[in-house]
Structures are given as C-alpha cells and as structure tokens.
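Heads up: the structure comes next, in structure tokens.
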Amino acid sequence: MIAYIIRRLAYAVPILLGVNVITFVLFFVVNSPDDMARLHLGNKHVTATAIEKWKSERGYDKPLLFNEAQSSSERFTDTIFYRNTVKLFLFDFGQSDSGRDIGYDISQRMWPSLAITLPVFVLGLLLTITIALAIAFFRGTYIDSWAVVICVAMMSISGLFYIIGGQFLIGKMLRLVPISGYDVGFSAIKFLALPVLIGVIGGLGHGTRWYRTIFLEEINRDYVRTARAKGLSEKMVLYGHVLRNALIPILTGVVVVLPSLFLGSLITEAFFGIPGLGSYTIEAIQSQDFAIVRAMVFLGSVLYIIGLVLTDISYTMVDPRVRLN
Amino acid sequence: MCVTLIGCSDGPLNNPYAASSSSEAVFYDSFRERPKHLDPVSSYSENEARFNSQIYEPVVQYHYLKRPYELTPLTAVALPEPTYFDPSGQQLAADAAQEDVQETVYRIQIQPGIMYQPHPAFARNENNGFQYHTLTAADLEHRATLADFELTGSRELVAEDYVYQIKRLVHPHLHSPIAGLMGKYIKGLPELSTRVAADEHANDSFVDLRAYDFAGAKAVDRYTYEIRLTQKYPQFRYWLAMPFFAPVPWEADAFYNQPGMKARNISLDWYPIGTGPYMLAENNPNRRMVLVKNPNFRGELYPTTGAADDASNGLLASADQRMPFIDVAHYSLEKEAIPGWTKFLQGYYDASSILSDSFDQAIQFNPQGEAQLTNVMREKGINLVTAVTTSISYLGFNMVDNVVGGDTERARKLRRAISIAIDYEELISIFANGRGVPAQGPIPPGIFGQIGGPEGINPYVYEWRDGHPVRKSVAAARELLSEAGYPDGRDAESGEQLTLYFETVSSGPGSKAMLNWYRKQFDKLGIQLVIRATDYNRFQEKIRKGSAQIFGWGWNADYPDPENFLFLLYGPNAKVASQGENAVNYQNPRFDELFVRMRSMSDGSERQELINDMTEILRRDSPWVWGFHPTGYTLYHDWYGNVKPNLMARNTLKYKTIDAQLRERKRGQWNDAVVWPVAALFVVLLISALPAWRTYVARQRAAAR
C-alpha cells in the first residue's frame, strides 16, 4: 500500500504543475501586472512611476513565462511563473501582494471554517444515512413515497433560500440566535447553531435521496435475503449488512471532500459573518492578489488529491477484496 | 440545542455581543469591506478612514457642526496660514498672484503635551534604551500579535513626527498614492524619493528618514515645523487635514521594520499608532475591528458653536464637554446587507444605511416629495438624517472620439441633445429610490462655487418653471440633434442610424434594467446605443487609451474646494495625454486659463465669477452628461446622540454619545425569544412519526410470526 501511496503522490506532481500553469495563464489573461498594481495602489493620483515600483518590488516586472533577456536556464527561472511556483511545492506560500503572510492567514481562517463545515458534515452524514435507511425500511409504502417527494422538494430549493429563510425565521422572527456573527470558544455555539442547522437541513434532501438509492440497490441482493432467512431482525439486516456493504459508494462521495472541509463555504460564511477561508480566494480574485489565488488553488488541488488517495485507502478498510497495487 | 442556548445566556438569546458590554458606552456598527491599509501614508479609502481618522491626528480637522465646511485646529495651536515669497525671497501679500509666487511656507505650531497611545515601540528598558528595538529571532518566536509584547510606553508628540511622516510619503516600499501628486508641490520631494530609493536595500531594513535633510519639511523647534511648497497651492490646507499628514513617530518604523516582524504580519499597516481619542485594540478585518479609548488622550472639548439650527436640534447639548464620550467602538464585518439590516432593527447596531430592498419599509415620501420615516421606524425611535454627498456620478463623452468628441458645433449639439434626453430625474427615482439630486454642473451642493436657484441651473438642459428646474423636452433634444446633422437619429448624409457605444463594467443581471433604461433614453432620439460590458481592467484600459466613447464615471471630493471637481476637466490632466484625472480628455484653452487663475484664489466674489464663467464653458461644451449627486440616508436609534452628517470629516466618533441604559432596555423589549414554535415543531414531528412507528411495529410482528 505504501508503494501505491508514494506512486499516487508522485503522480500528483505533474497534476499540480498543470494546475499551476492553468491558474497562471487564466489569471494573467484577465489581469496584467499593471492592472494589479493599479488596483493595489488605488485609482486616484496613481503615477506610472508608482506602478513600476510596485511591480518591481513584487517581481511582477519580469516576463511571464520566458525571459529572452537572460541566457541558459535563467530564461525560464527569471520569470514571474517560476518565481511564484517553486516555493509552492515546498508549501511556502509566501506573502500576499498586500504584504500579509498567506500561511498565517490560512492557519487563522481555517478554524472558523472547520467549526461550520465539520459539524455540518458529521451531523449531515449521520442524519441522512439514518433517514435513508429508515426510508429503505419503509420501501414501497406511502411513507417511502412521501419521503421521496419531500426529498425532491428539499433538493429543488436553492441553498441561499435555506440561509435567508433560516435567518428570517429563527434569527429574526423567533429571535433564538444571533442572525450573524462569530466568537471563539464556548461562546461560538450560539453563532454556529443556525448555520450548522441550515447546513444540515439544506443537504438533507439530496443526501437522503442518494443514500436511499444506494441502500435500495443493496437491499435486493442475495446476501440480504440470506440474512433475513437466517432470522435476523430488519434492524440488524439494515445496520449490520446493508449499511456495511453500501459503504463503498458512500465513501466515494464522502472521503474525497474531507480535506476540503478546511476551505469552508463562501455563501454560508458571507451570510453568517464567519471569518473563515470561504471568501479568501474570492476576495483575492476581486483584489487581483495573484499570490493568494495561486496559493489557494494549489492548496485546493493538494487537498483534493489527498482526498482521492484517502478514498482509495478507505476502500481497503471496508472491503477486504480491494488491494492497492 | 435550544436548551443549551437558553442556559448559557443571561440576556436576549440573539444578542451577538458579550452580555457584560450591554450597559457600557459601546458603539456598535458594521463594515462591509475590510480595510486594506492602516498605515496613514498608504490609506486612501473610506473604509480605512473610518478607523484611521479616530487614531491619527493631523494638525487640522473639519469643524464638526459648521457649514459650509470649515477647517479648525486639531493638534495645531492655530490654523496654518501660508506665507508667499517671490524669487528674490521677498515676502508677498496673502493675495499674491500665482505667477509671482516662488515659494509658499506653512509654519505650523503644535500644542505641547500631546501623548501617543501606549505602544511597545516606545517601551524602555532599565537602561532607558528601547526594549523592543533590537529583537532577535528568539525574541519573536512566541510573538504573533502586538499584544504579545508585554511592555508599552509613550512619548510626547513633537513637530519632527509630522516632518517624518511627510518624508515617508516617498518611502519606496510604502507606495503612498499621493507621492506623485505631492511631488509637484512639496519642495525637494522627488529628490528625496531618489535618495531614499538609492539607500534602500533589503525589504525589511529600517531606513531612518530623520537622517535625510529635506527642504520641503523641517522641524524648527520641538513644537514647530515648516512645509515649503514650490508654488501657491491654497488647497494644501485641506491635505493637511488628511491622515497622509498625520504624525508617525520614527520609533514605529524602527520597531515594525525589524527582521521577522513582516513575516508575522506585525506592521504599521496592521497596528496603527497615534495620538487620537481611540486606539485599535483588535484588528481582525475578517471578523471585527475594535477601537478603545486612548488612555493618554489629552481630551478635546465639544464645539460650542455650530450651524443655525444645531442648538434647536440638540447638537450643542454636549458643548464644552470633554470628548470622547464613547468608551469602545465595535465594528463587525457584515458582508451581506440583510443580516446587518436585521441587527440594526433588533438594536444591535446603532446606525445603518438603507438597503434598496428595505427602503419602503423605512422611508416614505410626503406629498411635497420629502423623505420621511415610516410609522414602523418612528415607533421604534429610529431617526433619519440625509445629506447630499460631495460627489458626482456622471456620463462622460470621450472628447477625442470622432463622433461624440471634439470642439465642433456638430459634436457639441449632439452631446447637448443626449444630455437633455437622459432623464436623470427618472433614473434617481427608479434606481436610487429618489436618493439623489440632478447635477447642474460639476460642483456638488455644499461646495463653494455651486449656485442654487434659477441662476444655478444648466440652461442648456433645464428651464426654470414654477420655482423648480425642469428638464427640456425631448422635442428640444431632437431639434438639437437635427441641427447636429442627425435628424431622427440618422446621419443626414449617409442616412444611417447613429450608433453610439457605452462602456460599462456592469454586466450582471442586476445591471440589466439600468442598461436597458440607458438604451431607451438614447432611443428617444432615434440613436442606437450599444452596450459594451467588459471587466474592470479592460474598462480602465479603454479609458486610459481613449478608446471608450461614452462611459459612466464618478468622483468623490477629497476636500471641499471647487478646484477638486474642476480639475477633472483641466486640459493638462487629460487621461490619454498625461494619465491624469480628466477621464474625458476635455481641452479648452479658455477654461484652462480660468482654472489656473481660480485654483490659487481665495473664496470670494471674484473667484465665484471665475467659477461661473468656467461652468458656463463646461455647460456649453457638455463633455459630461452632468448626472447626479447621490444623497446619503442614515438611520440611527434614539440612544445614539450628536449625529450630524459631515461629509468631509471622518474623525467623528469622538463627538457621538450613547445612552447605554436606553439601548439595553429597548433591546430587551425587542428581542424576547419566541420558543413555542420550536416545541410545536417537535410535537408535529412526533405526530408525523407515529404512522411510521406503527408500520415498523407491524412489520416486526409480521417478521416474528
């Protein structure tokens, strides 16, 4: 397995390089270093000298990908792309174009994001699996039919509606929790309660329907019939056999998103005033801060690759027939 | 969860603040955009000024109550007056002509005894050396914020601190937005820039600017300094009221520029250091900013005089009392408007602007067209203040464009016809909820040079009828268009329909209605308007290169002087030729000549006449469709006192009062939790689950059989 993991991580290097090239090209197709300088320096009274100084200080005065003025390898290394890319592979994110340490900002902002995404993920998963198993239990009855209708209705409603509706009902009308804000420690509970509740409810329709389908597929297999024939209770059949055998498709969708939980949720954080990472990349794109954009895209790619590797590893844990080689 | 929340709260459940702060004089507000710079040399935006202006103290400030806007000493002993000198060094009269002046000197004396806020940069060790000026990597190992430096100190403000900050304008790593502009006026500033840049080596090194001899600014004694300008520039006094000219102690730069500080995000850009009434206690722009009273603040007295009706409005009730009145100011980040508005209505923010979506909930117009609060707002004790902003939103014609630009009568008439056809009264009504005043020229109300009444209207677009300016008819616009050679919007020679191009960065669904509205305005004349939506960078590039034809633009006053608006049309400031602020590239030698004379004059009848002449030239040439001046609406609760809009001053927190007891009482009344629907929901869920339970039991029994 170790050899497999090493090989997978080695494959990640060209993928990350490719992601970097694409990010770089897309960013600089839209924004030139001059545009970046103007936006950072402000729109009033900006002079050409100030723009040149700003670019020079941050290395944006160099050619993008190929430096004709240099010789040998420096033609490639004395460029904006090379200077911005190499350190990323050492996980040195450097400083943002506004002078902040990116690694520090990420380390500060990922915890509020996790405070939302982790409970939403865990509670949501437990609740959807439980409800989906229950619906599978009542398959073919009017309860199943109504549950499917409700699930389809819930998944048809926009996530934004859940947020605004939840804030209106629970924060404004019932006045049970602050409508937005954040605090640390135990005081954070009252701020997290509403976004977590909304996050869980918002994902309920889609998750339940998806897991119900998986369980119904499993429930008609021979081993289930055998388990019933053995005289096992329906509860034992569902939790002891169906759930275990349905874990592979569940893990396929679940484990891969685990590392990305650090990155937070843009809309939830914006509406609830959570100081997380959700808006970090968007803010950077708006302020044309390439240093942050490349760092976050790189981090997102790394986390996604880690998620895929973890998914593969988790297969071996739930299904002894799977071998990683 | 509900039980947990009830159990851990001793106030309203939805109170977003610590219960202990409920009865203190704390001001609660929100901010939408995080401040980028708090270093006064780089900070130049509104969302930064609201924090910086409470912390830093320039030598002068705007009088909080008096109108028109008036400068008054802040740390200075008296208002700085310029002294003019001719090339031979002879002093000239105060009204000396621009061309006679070789040098202007501002000699400024500051008050003694003003102390800086407590700060580690001033902390001294037992040998009276600086405790934190020679930090090693080991010293910084466990320090991540300014609060991790245990010791603090302070010192008296001296004139050299103001001089030091002026030198910082050209520090190569600080990128002051006004360095280029001030280089034109302050003596020796460009040369100083070159010298400092040459000496600058490492990114983190401290360049001690005190060592640089600089003709533009010098400390004469401990409390007096001089600024020397290369010409007559009366508007410089307004710049002196901005944080760019606030004092920065050299100790701050020495402290923050040590190796390792920048990597820890410990910088003056993040942790300001000033002498003002407040200091920044928490800087977390992703969550909240907290200002607390500066314990070393000398105490300034609330003004005893104001505008005519200030006394009757209760704005002089605090006269002669020592400021600031508020102990803590708590600003929370609210990226979305709806939660912020709800929290204002719940009493958790003391003041708020008005959302377009909530406008009808808050404001109604009486038969005279005046904005009033709705009954719902009045019953809550909410108050409204409005003020026409010192800004302008206009439509620009690129004067180097072949069709709409140029100094020909044909182009002039075309521009005037379009100016009549675009019904800004309708735009303000539809898209701004009536919050704006149609512009009659470039100068907004409240700034010297702008005239109201029948004499002040733009006669090329408006007529004065029944005591009001009335936009000329579309028929008049069509006639002008016909005279311009485009009868019914078609070129008289080719017969082709006139097609014009409107550049905009507005492209989302939210902008569609307004862009369609613009199309309809041009359609009134038979002109086809093509919308060219583009991203911000390309838009800016088109303006810089002069390839845009018609575009929307705006300007917000730096200071209350007509020069700050008329310079937007001064020829040498043309965008294409000199990358200046004249975005439409307007050139008129007569206007330029009058501008040069006007800008160096003091306010008075002679200056007013010049401005009238200049405005007439502009109205005739119509390089802009004059657009409108937006009106700011602010709502505030009745526990928030001494509220008066001041569009120039940003350091207004110190004047405000909070009645914390009243706020506490009202918050309690407004925020009683309603718990029964939660209990009812549980009951409904239980009842709904009963059939499922019965089915489950039945199945289990069936399986058992």
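Could you derive backbone 3J(HN,Hα) for the range B:391-398 from the dihedral phi with the Karplus parameters 6.51, -1.76 and 1.60 (θ = phi - 60°), listing whole Hz in sequence and x where the residue is Gly or Pro?
3J(HN,Hα) across the range B:391-398, in whole Hz: 8, 9, 10, 9, 10, x, 9, 5.
For chain B, treating each Cα as an identical point scatterer without solvent, what Debye log10 I(q)/I(0) comes out at q = 0.06, 0.08, 0.10, 0.11 1/Å?
Normalising to I(0) and taking log10 leaves -0.44, -0.76, -1.12, -1.30.
Which value, in debye to the nearest 20, describes the size of the charge dipole of the protein assembly as shown about its Cα centre when Lys and Arg Cβ atoms bear +1, Asp and Glu Cβ atoms bear -1, and nothing else is charged?
4440
Can you run the Rg to Rh ratio on the range A:114-165? Use alpha carbon positions and the Kirkwood inverse-distance Rh.
1.06
How large is the Kirkwood hydrodynamic radius of the range B:563-705, counting all unique pairs of alpha carbons, in Å?
23.0
Can you give the mean number of other chain Cβ atoms that lie within 10 Å of the Cβ atoms in peptide A:188-199?
2
Where does each of A:150-156, B:547-553, B:394-400 land if you order them by average Cβ count within 10 Å, highest first?
Ranking the peptides A:150-156, B:547-553, B:394-400 by packing returns B:394-400, B:547-553, A:150-156.
What is the average number of partner chain Cβ atoms found within 10 Å of a Cβ in A:44-51?
Counting other chains' Cβ atoms within 10 Å and averaging over A:44-51 gives 6.
If you take the charge dipole of the range A:102-318 about its Cα centre, with +1 on Lys and Arg Cβ and -1 on Asp and Glu Cβ, which of A:T141, A:L243, A:S113 is farthest toward its positive end?
A:T141
Could you please rank A:S301, B:S578, placing first whichever residue has the fewest other Cβ atoms within 10 Å of its Cβ?
Neighbour counts put them in this order, fewest first: B:S578, A:S301.
In Å and on Cα atoms, what radius of gyration and Dmax does the range B:324-428 show?
For the range B:324-428, the Cα radius of gyration and maximum Cα-Cα distance read 21.3, 62 Å.
Going highest first, how would you order A:133-139, B:175-181, B:464-470, A:52-58 by mean Cβ packing within 10 Å?
Packing order, densest peptide first, comes out as B:175-181, A:133-139, A:52-58, B:464-470.
When the dipole is taken about the Cα centre of the range B:56-264, and only Lys, Arg (+1) and Asp, Glu (-1) are charged at their Cβ, what size is it in debye, to the nearest 20?
Magnitude of the dipole: close to 400 debye.
Which ³J(HN,Hα) values in Hz, rounded to whole numbers, follow from the phi angles of the range B:78-95 under the Karplus curve 6.51 cos²θ - 1.76 cosθ + 1.60, where θ = phi - 60° and Gly and Pro get x?
Along the range B:78-95, the couplings run 8, 4, x, 10, x, 10, 9, 10, 8, x, 8, x, 7, 6, 10, 5, 5, 9 Hz.
Rounded to the nearest 0.05, what FRET efficiency do B:D488 and B:R590 have when you use their Cβ-Cβ distance and R0 = 35 Å?
It comes out at approximately 0.55.
With +1 assigned to the C-beta of every Lys and Arg and -1 to the C-beta of every Asp and Glu, and no other charges, what is the dipole magnitude of the range A:89-230 about the Cα centre in debye, to the nearest 20?
Magnitude of the dipole: close to 700 debye.
Work out the P(r) tail for the range B:84-185: percent of alpha carbon pairs separated by more than 16 Å, whole number. List each step's numbers first, then the result.
Numbers: 3829 of 5151 pairs.
Summing the P(r) tail past 16 Å for the range B:84-185 gives 74 percent.
Order the peptides B:248-258, B:640-650 from the highest to the lowest mean number of other Cβ atoms within 10 Å of their residues.
B:248-258, B:640-650
Determine ³J(HN,Hα), in whole Hz, for all residues of the range A:17-22 in sequence, where each value follows from phi through the Karplus function 6.51 cos²θ - 1.76 cosθ + 1.60 and θ = phi - 60°; x replaces Gly and Pro.
Once rounded to whole Hz, the list reads 4, x, 4, 5, 5, 5.
What are the semi-axes of the equivalent ellipsoid of the range B:213-364, taken as the square roots of 5 times the eigenvalues of the Cα gyration tensor, listed largest first and rounded to whole Å?
Over the Cα atoms of the range B:213-364, the ellipsoid semi-axes are 35, 26, 18 Å.
Per residue and in cubic angstrom, what volume does the convex hull of the Cα atoms of the range B:52-104 have?
For the range B:52-104, the hull spanned by Cα atoms encloses 128 Å³ per residue.
List every residue whose amide H lies under 5 Å from the amide H of B:D401, counting only residues 5 or more places away in sequence or on a different chain, with H placed 1.01 Å from N in the peptide plane.
Here the answer is B:G406, since their amide H atoms fall under 5 Å of that of B:D401.
Quick one: which residues, 5+ away or cross-chain, put their amide H under 5 Å from the amide H of B:V530? H built at 1.01 Å from N.
Here B:L500, B:Y501, B:F502 satisfy the definition.
Hey, if you drop one equal point scatterer on each alpha-carbon of the range B:56-264 and run the Debye formula without solvent, what base-10 log of I(q)/I(0) do you get at q = 0.10, 0.17 Å⁻¹?
-0.50, -1.23
Suppose a student asked you for the relative contact order of chain B, using Cα pairs under 8 Å spaced at least 6 residues apart; what percent would you report?
17
Cα gyration tensor of the range B:391-632, axes a ≥ b ≥ c as square roots of the eigenvalues: rounded (a/c below 1.5), prolate (a/b > b/c) or oblate?
rounded
Which lysines, on any chain, are close to B:K656 with Cα under 24 Å apart, when same-chain ones fewer than 8 places away are left out?
Partners within reach: B:K66, B:K293, B:K343, B:K380, B:K644, B:K666.
So what is the relative contact order of the range B:56-264, in percent, for Cα pairs below 8 Å that sit 6 or more residues apart?
On the way: 361 pairs, mean separation 56.1, N = 209.
Reported as a whole number, the value is 27 percent.
Could you tell me the extents of the range A:167-284's C-alpha atoms along the three principal axes, largest first, rounded to whole Å?
Each principal axis gives a Cα extent; for the range A:167-284 these are 55, 36, 25 Å.
Amide H to amide H, which residues 5 or more places from B:S30 or on other chains are under 5 Å from it, using H placed in the peptide plane?
Amide H neighbours of B:S30, under 5 Å, 5+ apart: B:S332.
Other chains' Cβ within 10 Å of A:267-273 residues: what's the mean?
The mean count of partner-chain Cβ atoms within 10 Å per residue comes to 4.
Can you list the lysines whose alpha carbon is less than 21 Å from that of B:K187, not counting same-chain residues fewer than 8 positions off?
Leaving aside lysines fewer than 8 places away in the same chain, those within reach of B:K187 are B:K167, B:K218, B:K232.
Extent of the protein assembly as shown along each principal axis, from alpha carbon coordinates, in Å, largest to smallest?
Extents along the principal axes, in whole Å: 115, 83, 73.
Once a ≥ b ≥ c are taken as the square roots of the eigenvalues of the Cα gyration tensor of chain A, is the result rounded (a/c under 1.5), prolate (a/b larger than b/c) or oblate (a/b not larger than b/c)? Kindly include the intermediate steps, with their values, before the conclusion.
Values: a/c = 3.12, a/b = 1.65, b/c = 1.89.
Note, shape of chain A comes out oblate.
Pairs of alpha-carbon atoms within less than 8 angstrom and 6+ residues apart define the contacts here; what relative contact order does the range A:102-318 have, in percent?
Dividing the mean separation by the residue count of the range A:102-318 yields 30 percent.
Over the Cα atoms, compute the radius of gyration (one decimal) and Dmax (the largest Cα-Cα distance, rounded to a whole number) for the range A:1-122, in Å.
18.5, 61
State the three equivalent ellipsoid semi-axes of the range B:376-469, derived from the C-alpha gyration tensor as the square roots of 5 times its eigenvalues, in descending order and whole Å.
The answer is 32, 16, 14 Å, longest axis first.
FYI, it's all coordinate maths here, none of it is from the lab. What you are looking at is a predicted structure, and each value in this text was computed from that prediction instead of being measured. Note that each Cβ is placed from the backbone with ideal geometry, even for glycine, and that neighbours are counted across all protein chains shown.
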